[in-house]
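**Q** Following this message is one structure expressed as structure tokens.
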Amino acid sequence: MRCLIIGKVWPEPTSSAAGSRTLQIVKSLQEADWDLSFACAAQETAYSADLEAEWGIPCHPIAVNDSSFDRWIADLDPEVVVFDRFMTEEQFGWRVEKSVPGALRALDTSDLHCLRMARHEAMKTGNETSVSSHPIALREIASLYRCDLTLMISEYEIHLLETEFEIKDFLVAYWPFALPDPTEALLPSFDQRRDFVMIGSFLHEPNWDAVRYCSESIWPKIRSLLPKAELHVYGSYLPDKAKRLHQPELGFHLRGRAEQAVETLSHYRVNLAPLRFGAGLKGKLADGFLAGTPSLASPIAAEGMTGSLPWGSEICEDPNAFASASASLHEDPLAWTKAQQCGFAIARQRFSEREWLPRLPKLLSEAFSKRWENRRSNFIGQLLRHHQHRSTEFMSRWIEAKNKRA
């Protein structure tokens, strides 16, 4: 099938889990011999994957509020269009519908933004914040209703959509990480590793909060238990405010970008993930599975990862308990090995690419075959496309006309 992926950004697999997920989608559809194209309105960076040279995928810079997109996509005539996050669907969904009305419109959320932001608000205020009351929910859930199918990375979030927003099951599909098998025999042993690690893009607010929180509330407690231990923090787009946390004399090291996350993690004994808010699945934990590096995680970090499988170590929210469990895991080879094996099992049984890569083309093909029937059953989607898309369209056309006159 002919498929166009419209990216929010050009994918950066060495910068974020979202970039890795985009390439998992690309790999899945390429292995099914789909005819892929990729378009994006953002600027490429030095860390953007070279989709044309490395993957053989035609890439097209596009512009927001520019009707040239309409003619271009009509000529391309894709059968499936995948929007990378709801903001992209807001910008281009109405144009896709007008220019190629028969194309399946699929949304990939990466994580449920309204859930992440509601949790952030609750953490800042100390008051419980309903997901449905957050302003972003009005935009994100509307986008989901306008699409034919939304790919969800977390079973927890699918349940939330069904209970909080009464989303019909044909509008969503579970498609999580697609991970290669861990190469256990090639990984360093317990005795060949040392110290603690954190990893994650600093552009993602939950990661920056976790680093700051760890520096203030967790690491001093670990250091008091293990005075010679070090924590090495890796992350792309390291801001100046984070650099101020670099305190080698206290064992707290800011290392910046890790070009190969799994290889980097494999040198450490314990991966720390004390996230206080967030959503979706956590790429840092998946990389920990592949690196054979057990993770000490908060409930938010571990959410959606285990299914019915054991995590292998403690899942802690209290900073004292988190620090104590982290130090114990670092020092106990038997507990460490048990946690490592649990991580391998989760990677293989929950997220194996052998299972999930072939499943995506089937999900999209099935949705394509039922798109007209499902659209008739999705009255809220019809309503939103009629009203909200029209207002979005007219605003976009006004901006385009204004830009031409400038």
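**Q** Please find, within segment 10-41, the residue that is nearest to I73 (Cα to Cα) out of those that are of a type in the set (A, V, I, L, M) and at pLDDT below 95.
**A** Selected residue: A18.
**Q** Now for a different question. Does W72 count as open to solvent by less than 30 Å² (accessible area, probe 1.4 Å), over 24 Å from the mean Cα position of the chain (by Cα) and more than 18 Å from V172 (Cβ to Cβ)?
**A** Here the answer is no, as W72 does not meet what is asked.
Conditions (1) open to solvent by 30 Å² or more (accessible area, probe 1.4 Å); (2) under 23 Å from A122 (Cβ atoms), marked per residue:
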{"site": "Y268", "(1), (2)": "no, no"}
{"site": "P274", "(1), (2)": "no, yes"}
{"site": "L290", "(1), (2)": "no, no"}
{"site": "T293", "(1), (2)": "no, no"}
{"site": "I315", "(1), (2)": "yes, yes"}
{"site": "A323", "(1), (2)": "no, no"}
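**Q** Condition first: charged (D, E, K, R) and more than 12 Å from F190 (Cα to Cα). Now tell me which residues in segment 316-351 satisfy that.
**A** E317, D318, R348, R350
**Q** Now a separate question. How many of the residues in segment 187-220 are surrounded by fewer than 19 Cβ atoms within 10 Å (Cβ to Cβ), in a helix (DSSP H, G or I) and either more than 25 Å from the chain's Cα centre (by Cα) or acidic (D, E) (or both)?
**A** 5
**Q** Same structure again: Restricting to segment 240-268, name every residue that is within 11 Å of S215 (Cβ to Cβ) and of a type in the set (F, W, Y).
**A** Result: F252, single match.
**Q** Next up: Could you list all residues from segment 129-153 that are charged (D, E, K, R), touching a Leu at 6+ places or on another chain (Cβ under 8 Å) and either under 23 Å from S298 (Cα atoms) or in a helix (DSSP H, G or I) (or both)?
**A** E140, R146
**Q** Name every residue in segment 88-128 that is open to solvent by less than 30 Å² (accessible area, probe 1.4 Å) and part of a loop (DSSP other than H, G, I, E, B), in order of residue number.
**A** Scanning segment 88-128 gives V100, G102, A103, T109, S110, D111, L112.
**Q** Regarding segment 170-186, can at least one residue be identified that is out of contact with any helix residue (DSSP H, G or I) (no Cβ under 7 Å at 6 or more places or on another chain), touching a residue at least 12 places away in the same chain (Cβ under 8 Å) and assigned to a helix (DSSP H, G or I)?
**A** Checked segment 170-186: no residue is out of contact with any helix residue (DSSP H, G or I) (no Cβ under 7 Å at 6 or more places or on another chain), touching a residue at least 12 places away in the same chain (Cβ under 8 Å) and assigned to a helix (DSSP H, G or I).
**Q** Just one of the numbered conditions (1) assigned to a helix (DSSP H, G or I); (2) touching a residue at least 24 places away in the same chain (Cβ under 8 Å); (3) open to solvent by less than 10 Å² (accessible area, probe 1.4 Å) is not true of V81; which one?
**A** (1)
**Q** Residues of segment 154-169 being assigned to a helix (DSSP H, G or I) and not hydrophobic (A, V, I, L, M, F, W, C), which ones?
**A** E155, Y156, E157, H159, E162, T163, E164, D169 - these are the residues of segment 154-169 that are assigned to a helix (DSSP H, G or I) and not hydrophobic (A, V, I, L, M, F, W, C).
**Q** I want to confirm something. Restricting to segment 232-249 and keeping residues that are in a helix (DSSP H, G or I) and in contact with a Leu (Cβ under 9 Å, 6 or more places away or on another chain), which single residue is most open to solvent (accessible area, probe 1.4 Å)?
**A** Result: K243.
**Q** Which members of segment 317-357 meet the condition of being under 30 Å from S215 (Cβ atoms) and acidic (D, E)?
**A** Within segment 317-357, E317, D318, E331, D332 qualify.
**Q** So, A229, is that one aliphatic (A, V, I, L, M), assigned to a loop (DSSP other than H, G, I, E, B) and open to solvent by less than 70 Å² (accessible area, probe 1.4 Å) or not?
**A** yes
**Q** Still on this structure: Give me the residue from segment 8-52 that is in contact with a Ser or Thr (Cβ under 7 Å, 6 or more places away or on another chain) and in a helix (DSSP H, G or I) and, out of that set, farthest from H204 (Cα to Cα).
**A** R21
The values are calculated or read from the model by the stated rules, or taken from the named source; none is laboratory data. Being a predicted model, the structure only gives us computed values, none of them experimental. Virtual Cβ from ideal backbone geometry, glycine too; neighbours counted across all protein chains shown. We work out accessible area using only protein heavy atoms, side chains counted, and drop any ligands, DNA or RNA first. Shrake-Rupley method; radii C 1.70, N 1.55, O 1.52, S 1.80 Å.
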